[in-house]
Amino acid sequence: MNPVLAAWNELGNDEAAAVILPCCGSKRWAAMLANSRPVEEEAAMLRRAEEIWWRLDEADWLEAFATHPRIGEREAPNRASRQSAAWSAAEQRDVMVEDDSVLAALADGNRRYEERFGRVFLVCATGKTAREMLETLENRLANDEKTELREAAQQQLEITALRLKKWLNR
């Protein structure tokens with residue numbers, strides 16, 4: 001068994017939830033995952049994390065979304081843990097090498113997205129260029145609220161899975 005997972009399985013529920021919270025940002029998700037222990041292997045952890053994610057309600061999803069910085073910004077929100085902020089910075093590192101016009105377009109797109117949907121634009125940034133994320137942002141601005149909420153939730157799930165893998169293999 002993965003030693004990180006084995007140690008996590010031995011923690012009390014509250015401590016286990018606190019340890020896993022930076023992977024997602026939803027307190028209910030973290031508590032439900034902690035309460036589902038023991039988890040024997042990484043694949044089972046990822047499956048359980050996904051199953052729990054899709055059982056949450058919109059408020060839980062919004063709580064998770066709110067822990068992310070805007071695409072193209074260096075600072076994570078104050079509610080993000082240090083670990084979550086560090087992961088966000090690494091996930092967005094390719095954005096910061098773009099020229100000022102792309103960063104300005106992202107800032108404008110972020111503003112329009114927040115005006116339209118009332119939350120931060122969320123995309124799994126790992127492996128994507130700023131131009132790709134800008135194109136995704138522009139395309140998603142055309143979504144209706146229900147479609148966009150579901151897309152943001154899917155992006156959060158992808159981010160969570162990547163973070164869980166990093167956490168398990170540290």
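The values are calculated or read from the model by the stated rules, or taken from the named source; none is laboratory data. In this text the structure is predicted, and so the values were computed from the model without any measurement. Neighbour counts are summed over all protein chains in view; Cβ atoms, including those assigned to glycine, are modelled from backbone coordinates with ideal geometry. Quick note on the areas: whole protein, heavy atoms, side chains included, nothing else; ligands and nucleic acids left out. Shrake-Rupley method; radii C 1.70, N 1.55, O 1.52, S 1.80 Å.
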- [ ] Out of LEU162, LEU149, LEU134, report the one residue that is among the aliphatic types (A, V, I, L, M), open to solvent by less than 70 Å² (accessible area, probe 1.4 Å), touching a Gly at 6+ places or on another chain (Cβ under 7 Å) and at pLDDT 85 or above.
- [x] LEU134
TODO: For TRP54, state whether it is out of contact with any Pro (no Cβ under 7 Å at 6 or more places or on another chain) and open to solvent by 60 Å² or more (accessible area, probe 1.4 Å).
DONE: yes
Task: Output for segment 24-40, where each listed residue is under 14 Å from LEU56 (Cβ atoms) and not in a loop (DSSP other than H, G, I, E, B) - done: LYS27, ARG28, TRP29, ALA30, ALA31, MET32, LEU33, ASN35
TODO: Kindly indicate whether VAL4 is open to solvent by less than 70 Å² (accessible area, probe 1.4 Å) and outside any helix (DSSP H, G or I).
DONE: no
